[in-house]
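The values are calculated or read from the model by the stated rules, or taken from the named source; none is laboratory data. Note that the structure is a prediction, hence the values are computed from the model and not measured. In this analysis, Cβ positions are derived from the backbone assuming ideal geometry, glycine residues included, and neighbour counts consider all displayed protein chains.
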Amino acid sequence: MAEKDKQHYLDAEMSSGAPTPYKEQSLEDLDVVPFEELSEEERKAERWFLWKLDIVFTLVGFLGYIFKYVDQVNIANAYVSGMKEEINIVGNQYNYFTTLFNCGYVGVIYISCIAVSHFGPHYWLPSAELIWGVMTCCLSLVTNYKQIYALRFLIGFAEGTAWPGYITVMSQWYMPQEVALRMGFFTCAQSIGSMFAGIMQGALSTTLDGALGRSGWRWGFIVNGVCTIFVALLAYFSIPGFPDKPNPLAKWYLSDKDYEIARRRTARVKREPLKPINARSFLKAFKYWQLWAIAITWAFGYNIAPSNYFNLWLKSLKLPDGSPRYTIAELNYLPVVGFSLQLVATVALCWLSDWLGVRLPSLLIHAAINLASEIILTIRPENRVTYMIGWYLNYMGNVSYVLLAAWATTFLAHAPDVRTITIATGTIMAYLNNGFITLWTYPAKQAPNWAVGAKFYLVSMAVCTFGFIAIAWGLRFEERKRLRREGHHVPKPHPLAFFWT
């Protein structure tokens, strides 16, 4: 019985229902019908609903996140494409560009998750995207590092709404065995955005450099910003809101029946609607051990900070005659290989996770890849190719936070406010890690011979590996408690059963 209920709880194939006008409904008000018991017509209606949600919402969100990440990393591409010399950037000023961005980013995340719960995501998220698009265009006008400091902080403040906001929306619409692959697909925009940024900056540095009196790196900011503004306008019409809070501008592709289908799907997995977060519910969320465990391993399992400094190592390499080993275009193109590997690893591990219906095996594969990378980067072999392999492996180590978010979506379905704050807290801790610890681990003035470097990330990844296992055991334990409370007989599990969580 317990195993049947467990499978029922994790079932990704949800029910549909007859089209009805929206009204406030509790889970008890909705008929829960297994997907396999629906009529063929109802199954087709649900598949069509899911297809529309994927094509419109997930695709537009994917495009938006591509340009979000282009806007986020284009500072690195501009730095190696002439900005350093033109603006006269010295010392650790480059590090502070990232740090100030991260300060703005983390400063808005809790504010944003509260705003989304009150007003819905369909106006809040596109408006923030519009603002950071305009600010990105303004970066093309800077004349000194102080202006970059201010704009990077403002861009970070606006961009901080995107990742936790979109993941919160996905966690309300997609089912447990659907969500990891969608989150992974959405996260692939990070890799594609970084690839696109490098390719675009490399192309602009050679084709538009000097056009209308502007450097190629300045044109990069203009193109990035205009694309972001365009996608932000699309987002007003594509973000569906929540199943219980429809976006009226999204009715062109989601009907009343589609929203009813969505509400019945969430009822199937006992997922409560996200209610407005107030001070009491916000503080109460921090009493959940799941929040702290997931957020901490999220921050230190997201272990790709070294890859952010790959281009500084490349820039330091010289030929025997003392000239740079790589051209400006090559400095932009070589990281594209790493982002390609990142994309493949993210899709593969998220697909495996959804296919198996569990997260821990994919997390342990992620940990093994990351540990191998950090070991190579710590040893710093003299062979340039071997060292480069270590850098490229590091790009593949970013999938853990997607799988942790999927865990939160599944096991905190009964507490959507806690899930939302967990996702926000994990994001904040990850950016604090990347934004401040890197000042100690990877100061730009020590490049390419960093004193700490990958050593810190090797230790943190080893600790997180045990953290993943501990969380899996804890989630299994809590699930058994829940089933017992509901009156089900739960047999004693195999000692290693938690590995299949």
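Each row is one residue, and each column tells you yes or no for (1) modelled with pLDDT of 80 or more; (2) surrounded by 20 or more Cβ atoms within 10 Å (Cβ to Cβ); (3) within 30 Å of residue 209 (Cα to Cα).
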site	(1), (2), (3)
44	yes, no, no
47	yes, no, no
51	yes, no, no
54	yes, no, no
57	yes, yes, no
64	yes, yes, yes
73	no, yes, yes
79	yes, yes, yes
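Cβ contacts < 8 Å: first residue in contact (Cβ under 8 Å) with a residue 60 or more places away in the chain, restricted to segment 86-110; second residue surrounded by fewer than 19 Cβ atoms within 10 Å (Cβ to Cβ) and of a type in the set (Lys, Arg), any location; separation 6+ or different chain. Result?
91/445; 92/445; 94/84
Could you go through segment 378-388 and let me know if any residue there is touching a Pro at 6+ places or on another chain (Cβ under 9 Å) and of a type in the set (Phe, Trp, Tyr).
Taking every residue of segment 378-388 in turn, at least one turns out to be touching a Pro at 6+ places or on another chain (Cβ under 9 Å) and of a type in the set (Phe, Trp, Tyr).
Right, residue 491: outside any helix (DSSP H, G or I), surrounded by fewer than 22 Cβ atoms within 10 Å (Cβ to Cβ) and either touching a Phe, Trp or Tyr at 6+ places or on another chain (Cβ under 6 Å) or at pLDDT 90 or above (or both) or not?
no
Please determine whether any residue of segment 280-300 is closer than 25 Å to residue 66 by Cβ and within 22 Å of the chain's Cα centre (by Cα).
Checking segment 280-300: at least one residue is closer than 25 Å to residue 66 by Cβ and within 22 Å of the chain's Cα centre (by Cα).
Out of all the residues in segment 423-446, is one or more in a helix (DSSP H, G or I), over 18 Å from the mean Cα position of the chain (by Cα) and free of Cβ contacts under 8 Å to residues at least 24 places away in the same chain?
Within segment 423-446 (the criterion being in a helix (DSSP H, G or I), over 18 Å from the mean Cα position of the chain (by Cα) and free of Cβ contacts under 8 Å to residues at least 24 places away in the same chain), the answer is yes, since at least one residue qualifies.
So that you can scan it fast, the table gives a plain yes or no per residue for (1) in contact with a Ser or Thr (Cβ under 8 Å, 6 or more places away or on another chain); (2) free of Cβ contacts under 8 Å to residues at least 12 places away in the same chain; (3) surrounded by fewer than 16 Cβ atoms within 10 Å (Cβ to Cβ); (4) within 12 Å of residue 395 (Cα to Cα):
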{"site": "294", "(1), (2), (3), (4)": "yes, no, no, no"}
{"site": "300", "(1), (2), (3), (4)": "yes, no, no, no"}
{"site": "304", "(1), (2), (3), (4)": "no, no, no, yes"}
{"site": "321", "(1), (2), (3), (4)": "no, yes, yes, no"}
{"site": "335", "(1), (2), (3), (4)": "yes, no, no, yes"}
{"site": "339", "(1), (2), (3), (4)": "yes, no, no, yes"}
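Whether any residue in segment 267-285 is buried (at least 23 other Cβ atoms within 10 Å of the Cβ) and among the small types (Gly, Ala, Ser) is what I want to check.
yes
What residue, of 167, 114, 192, is within 18 Å of residue 245 (Cα to Cα), surrounded by fewer than 24 Cβ atoms within 10 Å (Cβ to Cβ) and either in contact with a helix residue (DSSP H, G or I) (Cβ under 6 Å, 6 or more places away or on another chain) or touching a residue at least 40 places away in the same chain (Cβ under 8 Å) (or both)?
From the options 167, 114, 192, the qualifying one is 114.
Please verify whether segment 126-140 includes one or more residues that are in contact with a Leu (Cβ under 6 Å, 6 or more places away or on another chain), part of a helix (DSSP H, G or I) and farther than 28 Å from residue 240 by Cβ.
Yes, some residue in segment 126-140 is in contact with a Leu (Cβ under 6 Å, 6 or more places away or on another chain), part of a helix (DSSP H, G or I) and farther than 28 Å from residue 240 by Cβ.
Please find, among 352, 377, 364, the residue that is of a type outside the set (Ser, Thr, Tyr), closer than 19 Å to residue 294 by Cβ and at pLDDT 90 or above.
364
For a quick check of your reading of the model, give me the residue pairs whose first member lies in segment 257-271 and is of a type in the set (A, V, I, L, M, F, W, C), whose second is part of a helix (DSSP H, G or I) and modelled with pLDDT of 90 or more, with beta-carbon atoms closer than 8 Å and at least 6 apart or on different chains.
So the pair list comes out as 261/49; 262/49; 262/173.
Please state which of the following conditions residue 280 fails to meet, knowing it meets all the rest: (1) modelled with pLDDT under 85; (2) charged (D, E, K, R); (3) more than 30 Å from residue 466 (Cα to Cα).
Among (1) modelled with pLDDT under 85; (2) charged (D, E, K, R); (3) more than 30 Å from residue 466 (Cα to Cα), the lone unmet condition for residue 280 is (1).
Quick one: in segment 445-481, which of the residues that are surrounded by 17 or more Cβ atoms within 10 Å (Cβ to Cβ) and basic (Lys, Arg) is modelled with the highest pLDDT?
Of everything passing the filter in segment 445-481, 476 is modelled with the highest pLDDT.
Taking segment 449-465 only, how many residues are more than 15 Å from residue 298 (Cβ to Cβ), among the aromatic types (Phe, Trp, Tyr) and assigned to a helix (DSSP H, G or I)?
1
Return the residues of segment 173-192 that are more than 21 Å from residue 428 (Cα to Cα) and part of a helix (DSSP H, G or I); say none if nothing qualifies.
Residues satisfying the conditions are 173, 176, 177, 178, 179, 181, 182, 185, 192.
Would you mention how many residues in segment 88-109 are over 22 Å from residue 161 (Cα atoms) and either β-branched (Val, Ile, Thr) or within 17 Å of the chain's Cα centre (by Cα) (or both)?
Within segment 88-109, residues that are over 22 Å from residue 161 (Cα atoms) and either β-branched (Val, Ile, Thr) or within 17 Å of the chain's Cα centre (by Cα) (or both) number 2.
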